[in-house]
Amino acid sequence: MKLELDKLKGIHPGILVGHLLKKNSIKKKDFSLLVNEHPQTLSAIILGRRAMNTTLSMKIEKVISSRKLRIS
């Protein structure tokens, strides 16, 4: 487990969300509606231009776990 976390160290969380969306064939616009966030904001986060706040990260986690999206 520690080795897996070491691989992710230093990677912007938005990039990981973008990878997850791509892997599950979900459009950014559709995902932004699921997490109740502006598409522009979500796009900026996915591109690593903007930080992700705790509230949004909790919303994303809730959607990922409820829809059982493939992570790896």
Exercise. In the full protein assembly as shown, how much of residue 38 is accessible to a 1.4 Å probe, in Å² to the nearest 10?
Worked result: 120
For this session: Work out the length of the dipole vector of the chain about its Cα centre, built from +1 on the beta-carbon of each Lys and Arg and -1 on the beta-carbon of each Asp and Glu, and round it to the nearest 20 debye.
Result: 180
Seminar exercise, completed: Surpassing 20 Å at the alpha-carbon level, of the pairs 9/29; 28/62; 7/29; 9/59, are 9/29; 7/29; 9/59
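Considering all alpha-carbon pairs of the chain, what whole percent are spaced by more than 15 angstrom?
54
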Problem set entry | For the chain, calculated [θ]222 nm from helices alone, where every DSSP H run of n ≥ 4 adds -39500 (n - 2.57) | -18500 deg cm²/dmol
Exercise. Normalised by the number of residues in the chain, what is the relative contact order in percent for Cα pairs under 8 Å and 6+ residues apart?
Worked result: 37
Seminar exercise, completed: Along region 38-43, Karplus-curve 3J(HN,Hα) (6.51, -1.76, 1.60; θ = phi - 60°) to the nearest Hz, with x for Gly and Pro, reads 5, x, 5, 5, 5, 5
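The values are calculated or read from the model by the stated rules, or taken from the named source; none is laboratory data. Here the structure is a predicted model, which is why all the values come from computation and not from measurement. Backbone-built Cβ (ideal geometry, glycine too); neighbour counts: all protein chains shown. These accessible areas exclude ligands, DNA and RNA; they are computed on the full protein's heavy atoms, side chains included. Shrake-Rupley method; radii C 1.70, N 1.55, O 1.52, S 1.80 Å.
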